[in-house]
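Step one of this worksheet: look at the structure below.
Readers should treat all values here as calculations from the given coordinates under stated rules, not as data from a laboratory. These numbers come from a predicted model, not from an experiment. Note that we place each Cβ from the backbone using ideal geometry, even for glycine, and neighbour counts take in every protein chain shown.
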């Protein structure tokens, strides 16, 4: 019997190797036994964070709407709470969603700041 439950391979005629062949399940058990902190991430565990990031990027690219940035922000907060593997995607989705949602406020404030000197000097 092989170590970690593998299947023994017997060297045939002319073969120079005799060892163990392991199945994928046994290989993952070997990796987990070497690293006690190893975890397997479900591929579907990043879906909310990825949707948040896509919504944030799309809300920046496609203009100033209300629905898409709000959806990106909500999905981002849901992903940060539920999906540990997608915290970075969720954080970027939240940041881009807030930027798209309140970007027009920033543009108006900057416009007032830069236009004020021109209005003051044009009066005199």
Checklist outcome for this item: Length gained, residue 105-residue 82, 0.36 nm per residue minus C-alpha separation, equals 5.2 nm
Checklist entry - Taking neighbour Cβ counts within 10 Å as the exposure measure, how do 52, 59, 122, 86 sort from fewest upward? => result 122, 86, 59, 52
Checklist entry - At a Förster distance of 22 Å, what's the computed FRET efficiency of residue 62 paired with residue 114, Cβ-Cβ distance as r, to 0.05? => result 0.25
Item to check | Longest to shortest principal axis, alpha-carbon extents of region 43-123, angstrom | outcome: 63, 20, 14
